[in-house]
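Here's the structure, in structure tokens; my notes come after.
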Amino acid sequence: MGNPLVTIILFAHAPYAEFLPCSLESILHQSYRYLEVLVLTDGSDDVRAVVERSTSDERVHLCAQTRSYFLETANELMIACKGEYLGTWNSDDIYNEKHVEVLVQALKNDQEAGGAFDNTEYFNESNESIEDGEKSAGLIVPEAFAKTLSSGRLSVQQIFNENIMTGPSSIVRKTAFERVGGYDSKIRLNCDLHWFYRLGAVFPIRFVNYVGVRKRIHPLNNTAVNPHYQFGVTELEDIRDCYPEVYHRIGKNVFNKKLGRKYFRLGLYYEGLGDLAKAREAYRKAMLLRKLSLRYGWEYFRSTFLSASTSNACF
């Protein structure tokens, strides 16, 4: 069946330029050699200088951001690229040697699969050694669970419930991208998950039991170190409201259970900030989705009482 070309779009903005040499080196030293690497930059001189200093590999191409939001440019690059398979990766991550090889093989073995992904290991910013596991922050997919997942296709419900498929750990078939579209420009965080829910609603997904990505934890990594409860709610509300076919494929009960949990966590977050009005509204939404949950109901009525008490104390 030959060796299909894999296009990697590497997101590389100025604040991450210091991590780029290590990341780019790990991509260019993949055991699978048939790569097209499009380094999507914000036009910064820092990124350009790093790429020019790090490699003269003809597989690497600098691509400037042409739209106001970089994921819109990524969509354009995926439309125009030459690859049969696509990956959108981060320049602060490190990619282990067989990452592309095992994913390509999984898609070649299952021609109906729309995408494949492997495991990701978090590591602390100070840990530069791929072999050194002492500073590891753990696997996204625990070892025992990874063996189970690799035994067959994953359903959209599994992808939705577990949140284990990430952009850097995956490649997708270009024909699948053409079918479901790319990133939704309305979603500014958790955009990978939003995309993969839509992908998994149409195509089966494969998991490979291999640690292909080492994701760096550092202060600039929003999804790893900063609260983003509101973005998680927005992501699911958009699936429900704008992608009804995906919502119905996931299933109302499964979907509402997760959205209710996100509303509840958002309520706790707002209450921790001292914003009782927003907390009460989030608890109310959680309670309406999960009417049999005593905890959600209790938090809603408790926050209502606290809001009333606070209002009375002002008079």
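When Gly260, Gly274, Gly232, Gly212 are screened for being on the phi > 0 side of the Ramachandran plot and at pLDDT 90 or above, only Gly274 passes. Going through segment 30-47 one residue at a time, which ones are surrounded by 15 or more Cβ atoms within 10 Å (Cβ to Cβ) and at pLDDT 90 or above? Result: Gln30, Tyr32, Tyr34, Leu35, Glu36, Val37, Leu38, Val39, Leu40, Thr41, Val47. From the list Phe231, Phe255, Phe196, the one residue that fits, being outside the structural domain of Phe11 (by TED's automatic domain parsing), in contact (Cβ under 8 Å) with a residue 40 or more places away in the chain and under 28 Å from Ala144 (Cβ atoms), is Phe255. From Ser26, Ser68, which residue is under 24 Å from the mean Cα position of the chain (by Cα), among the small types (Gly, Ala, Ser) and closer than 30 Å to Asp110 by Cβ? Selected residue: Ser26, the only one of Ser26, Ser68 that is under 24 Å from the mean Cα position of the chain (by Cα), among the small types (Gly, Ala, Ser) and closer than 30 Å to Asp110 by Cβ.
Tell me the helices (runs of 4 or more DSSP H) entirely within segment 198-268 that contain at least 2 residues that are buried (at least 18 other Cβ atoms within 10 Å of the Cβ). Break it down stepwise before answering.
Numbers: elements: 222-225, 229-242, 244-250.
It comes to 229-242, 244-250.
Annotation note: Cβ proximity below 6 Å between a residue of segment 285-307 that is within 24 Å of Leu236 (Cβ to Cβ) and a residue that is of a type in the set (D, E, K, R) (sequence gap 6+ or interchain) occurs for Tyr296/Arg290; Tyr300/Arg284; Ser303/Arg280.
For segment 48-76, the set of residues classified as in contact with a Ser or Thr (Cβ under 7 Å, 6 or more places away or on another chain), surrounded by 17 or more Cβ atoms within 10 Å (Cβ to Cβ) and of a type in the set (Val, Ile, Thr) consists of Thr73 only.
Every listed requirement among (1) free of Cβ contacts under 8 Å to residues at least 12 places away in the same chain; (2) within 20 Å of Leu199 (Cβ to Cβ) is met by Arg67 save one, (2).
Quick one: which strands (runs of 3 or more DSSP E) lie wholly within segment 98-196 and hold at least 2 residues that are buried (at least 19 other Cβ atoms within 10 Å of the Cβ), at pLDDT 95 or above and of a type outside the set (Ser, Thr, Tyr)? Spell out the reasoning first.
Working: elements: 115-124, 136-139, 170-173.
It comes to 115-124, 170-173.
The values are calculated or read from the model by the stated rules, or taken from the named source; none is laboratory data. Keep in mind that this is a model prediction, so the values were computed, not measured. Reconstructed Cβ throughout: ideal geometry from the backbone, glycine too, with neighbour counts over all protein chains shown.
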